[in-house]
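I have placed the structure first, in the form of structure tokens, so that the comments after it can refer back to it.
The values are calculated or read from the model by the stated rules, or taken from the named source; none is laboratory data. Small disclaimer: the values here were computed from a predicted structure and weren't measured. Ideal geometry is used to build each Cβ from the backbone, glycine not excepted, and the neighbour counts take in all protein chains shown. Keep in mind that these areas ignore ligands, DNA and RNA; they rest on the heavy atoms of the full protein, side chains included. Shrake-Rupley method; radii C 1.70, N 1.55, O 1.52, S 1.80 Å.
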Amino acid sequence: MRFRHPDGSTVHLAYCTNVHPAETLDGVRDQLRDHCEPVRRRLGRDRLGIGLWLARNAARALITDPAALRGLRAELDQRGLEVVTLNGFPYEGFGAEEVKYRVYKPDWTDPERLAHTTDLAHLLAALLPDDVTEGSISTLPLAWRTDFDDTAADASRTALTTLAGRRVVEV
């Protein structure tokens, strides 16, 4: 939902889909149909902002298939939903019986975290509503606190610096 801040700016409040885990693009579409659209209707709103959790496999499916990405954008519009943030944490397995520390893998020392977050940035550029110029990506803190030494800190810093320097384009 959109709210007007006293300073005149728009503030987005989003319903996060990570409470309904889906590892695949079909699962994401099911979330939109079964959970997000009914929440929007129950609130009596024309549009509902969502924080869309995209596991690795779902994100990769959208990155590698532009038609699927266009289809998802069309489905969001049809259901009165708008993506204002993407959630990339955890990477996968959020619906597993025991999640715990696995949600911290891959961490920012692993090139897979950088690749996934880069994919999410490209997807966010394509999914943001036309009148929204900035979105956000939720990711994990650098790593789980154990076994995080200076070498890991340096690797994480390098990955984040690399991410910050990348040019994001719609896919």
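Residues that are modelled with pLDDT under 95 and out of contact with any helix residue (DSSP H, G or I) (no Cβ under 6 Å at 6 or more places or on another chain) do occur in region 74-84, at least one of them.
Yes/no matrix, rows are residues, columns are (1) surrounded by 13 or more Cβ atoms within 10 Å (Cβ to Cβ); (2) of a type outside the set (G, A, S):
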residue: A121; (1), (2): yes, no
residue: S136; (1), (2): yes, no
residue: T151; (1), (2): no, yes
residue: T158; (1), (2): yes, yes
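Among the residues examined, R60 qualifies as surrounded by fewer than 16 Cβ atoms within 10 Å (Cβ to Cβ) and closer than 18 Å to A125 by Cα.
Among the numbered conditions (1) open to solvent by 60 Å² or more (accessible area, probe 1.4 Å); (2) within 20 Å of D131 (Cβ to Cβ), the only one that G51 does not meet is (1). Listed by first and then second residue, the pairs with beta-carbon distance under 8 Å, at least 6 apart or on different chains, first residue in region 65-83 and surrounded by 14 or more Cβ atoms within 10 Å (Cβ to Cβ), second of a type in the set (D, E, K, R) and in a strand (DSSP E or B), are L76/E82.
Residue check: is D30 more than 18 Å from the chain's Cα centre (by Cα) and open to solvent by 60 Å² or more (accessible area, probe 1.4 Å)? No; evaluated as a whole, the condition is false for this residue.
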